[in-house]
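Take a look at the structure set out below.
What follows draws every value from the coordinates through simple rules; no lab data is involved. Note that the structure is a prediction, hence the values are computed from the model and not measured. Please note: Cβ atoms are built from the backbone with ideal geometry, for glycine as well, and neighbour counts cover all protein chains shown.
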DNA sequence: ATATCATGTCTACGATCGCTGACAAGTAAA
DNA sequence: TTTACTTGTCAGCGATCGTAGACATGATAT
């Protein structure tokens with residue numbers, strides 16, 4: 001499943017948690033965090049730390065993958081895809 | 001690419017950053033974070049916040065996916081795989 | 001040699017994390 | 001009803017984040 005926002009992550013974790021554990025407390029104890037943190041994470045907390053998130057996902061039997069952006073909005077200005085950026089960079093003479 | 005630790009994430013981001021941008025500072029400015037934060041992230045900072053990470057990945061033309069754990073080490077104690085947990089939970093008398 | 005970068009490493013400092021502990025609302029059994 | 005459980009919310013607090021700024025090193029030139 002694609003994770004574009006912290007809310008996506010929260011929904012995913014909640015879905016998975018409700019299938020495997022009986023309560024937020026149960027997952028929290030396994031991961032080693034507070035129930036409050038699990039609750040906030042499921043609500044899309046954008047300040048949650050990646051280390052705790054990875055531990056949580058592992059406890060839920062999941063892992064993260066990185067994949068190229070399918071709906072490209074990489075650069076605000078009308079820049080093209082990543083490969084083009086690469087080409088431009090390689091072609092530039094000096095380093096502004 | 002599989003991301004199991006924050007170091008995996010750091011390596012991935014650094015590889016991608018060096019291909020697209022000319023410096024840590026350039027990426028940092030685009031994302032809206034400090035160069036120090038980018039540097040620490042590339043070194044595997046486990047306390048980096050997921051919101052900033054997602055913004056960074058987007059700037060690098062990438063997104064995150066969640067996938068089932070292929071090499072299962074889900075529960076420390078002798079518990080079995082996730083599906084079994086599910087079955088056990090479903091079989092328990094008190095459901096809550 | 002001199003200049004110019006990129007990267008890594010430090011020191012503060014304000015802002016905020018994640019924690020504990022408590023409480024209320026809702027649900028579901030006994 | 002009463003009892004037990006889950007979830008969401010709140011306040012307070014120590015610990016730590018992310019930042020700005022400065023500095024040293026190494027590389028790449030000129």
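Some notes on this structure:
- Each copy carries a label point for residue A:47 at 7 Å from Cα along the beta-carbon vector; from one copy to the others these points are 1.3 nm apart, nearest first.
- The slack between residue B:4 and residue B:25, meaning 0.36 nm per residue of separation minus the straight C-alpha distance, is 4.9 nm.
- The ranking of A:54, A:12 from fewest to most other beta carbons within 10 Å of each one's beta carbon is A:12, A:54.
- Position residue B:2: other-copy label points at 2.5 nm, ordered by increasing distance, label point 7 Å along Cα→C-beta.
- Annotation for residue A:35 and residue A:11: the two label points, set 7 Å from Cα along the Cα-Cβ direction, are 2.6 nm apart.
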